[in-house]
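The values are calculated or read from the model by the stated rules, or taken from the named source; none is laboratory data. Just so you know, these numbers come straight off a predicted model, no measurement behind them. All Cβ positions, even for glycine, are placed from backbone atoms using ideal geometry, and neighbour counts span all protein chains on display. The area values use the complete protein model at the heavy-atom level, side chains included, leaving out ligands, DNA and RNA. Shrake-Rupley method; radii C 1.70, N 1.55, O 1.52, S 1.80 Å.
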Amino acid sequence: MILKKYHTAEAVAEAIIQSVFVEGTEQEQLNLAVSGGSTPRLLFELLAKEENSKRVHWEHLQLFWVDERCVPPTDKESNYLMTYESLLQYVPLREEQIHRIKGEDDVNQEAERYSKLVLNKLPQQEGLPVFDVIILGLGDDGHTSSIFPTEMYLLEENIPYLPATNPYSAQKRVALTGQTILKAKRLLFHSVGEGKKEVLQEIIQNTPKSKPYPSAYFFREREDVELYTDQSL
Ligand code: 6PG
């Protein structure tokens with residue numbers, strides 16, 4: 001693991017902006033998958049500010065999502081809506097650069113459609129799409145993407161996106177699966193706030209007694225996972 005620790009959530013977001021959005025778009029096309037939930041909102045809001053936005057080569061960015069809740073894009077639960085409100089409405093990304101997961105459609109059909117879309121748009125390795133960067137979030141129960149501890153098999157799957165279920169609310173999701181996550185050129189976890197400290201510590205220590213945390217899988221399988229956090233671990 002490569003630990004990128006900063007003092008505040010703002011500083012963490014600024015570091016991701018610099019490394020992924022500014023430097024990452026300097027040379028050529030960047031195929032980026034972002035997560036939803038609440039953590040990326042601050043990152044997106046800061047990125048939308050003119051002093052940051054003007055440093056990004058937006059024309060090089062192709063934007064995808066790690067996961068989506070099965071709700072319409074107007075629903076407050078929608079990851080797309082959060083991204084639109086905090087970022088997309090302010091920056092010069094063209095429609096053809098934004099690849100939304102359609103949460104309003106049938107979950108099985110949409111997972112299939114989106115899997116085909118990424119396979120078409122991205123380079124492949126062993127039949128799986130290779131993102132340049134994936135930014136993952138982390139749930140209190142150790143879930144990431146929408147791979148919850150109740151659906152660990154999604155870690156092993158070879159289909160890029162599959163239907164998933166949030167076990168607490170029974171909400172259906174479309175989720176990027178484990179093997180495609182592992183293939184990304186850069187894999188980042190973005191996890192801030194005191195509330196994430198305990199689960200982060202457990203994931204990093206990852207003893208045999210640890211609970212089955214989906215996110216721990218990526219820390220085990222890849223030494224170069226980058227953890228952007230404001231927590232001392
Ligand atoms: C989602 C996510 C999910 C998220 C974690 C952390 O749609 O909920 O993409 O995997 O990253 O649940 O969520 P918070 O950022 O809200 O803590």
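Odds and ends about this structure:
- Some residue of the range 138-145 being more than 16 Å from the ligand (Cβ to nearest atom) and under 15 Å from the mean Cα position of the chain (by Cα): no
- Residue within the range 48-58 that is closer than 17 Å to residue 137 by Cβ and either open to solvent by less than 30 Å² (accessible area, probe 1.4 Å) or assigned to a loop (DSSP other than H, G, I, E, B) (or both) present: no
- All positions within the range 215-226 that are over 14 Å from the mean Cα position of the chain (by Cα) and assigned to a loop (DSSP other than H, G, I, E, B): 222, 223, 224
- Selected residue [within 30 Å of residue 7 (Cα to Cα) and in contact (Cβ under 8 Å) with a residue 60 or more places away in the chain] from 194, 202: 202
- Applying the condition of being more than 15 Å from the ligand (Cβ to nearest atom) and of a type outside the set (D, E, K, R) to the range 153-169 and asking which residue is most open to solvent (accessible area, probe 1.4 Å) yields 153.
- Checking each residue in the range 62-88 for being surrounded by fewer than 21 Cβ atoms within 10 Å (Cβ to Cβ), hydrophobic (A, V, I, L, M, F, W, C) and more than 10 Å from the ligand (Cβ to nearest atom) picks out 63, 71, 81, 88.
- Candidates in the range 170-185 are the residues that are free of Cβ contacts under 8 Å to residues at least 60 places away in the same chain and more than 15 Å from residue 214 (Cα to Cα); of these, the one that is farthest from the ligand (Cβ to nearest atom) is 185.
- Unique residue being part of a strand (DSSP E or B) and loosely packed, with under 15 Cβ neighbours inside 10 Å when the list is 3, 32: 3
- The condition of being in contact with a His (Cβ under 6 Å, 6 or more places away or on another chain), modelled with pLDDT of 95 or more and farther than 19 Å from residue 137 by Cα holds for only one of 25, 74, that being 25.
- The range 108-137: number of residues that are in a helix (DSSP H, G or I) and either surrounded by fewer than 19 Cβ atoms within 10 Å (Cβ to Cβ) or without any contact (Cβ under 8 Å) to a residue 24 or more places away in the chain (or both): 9
- Filtering 211, 197, 183, 172 for residues that are under 14 Å from the mean Cα position of the chain (by Cα), basic (Lys, Arg) and open to solvent by 40 Å² or more (accessible area, probe 1.4 Å) leaves a single hit, 183.
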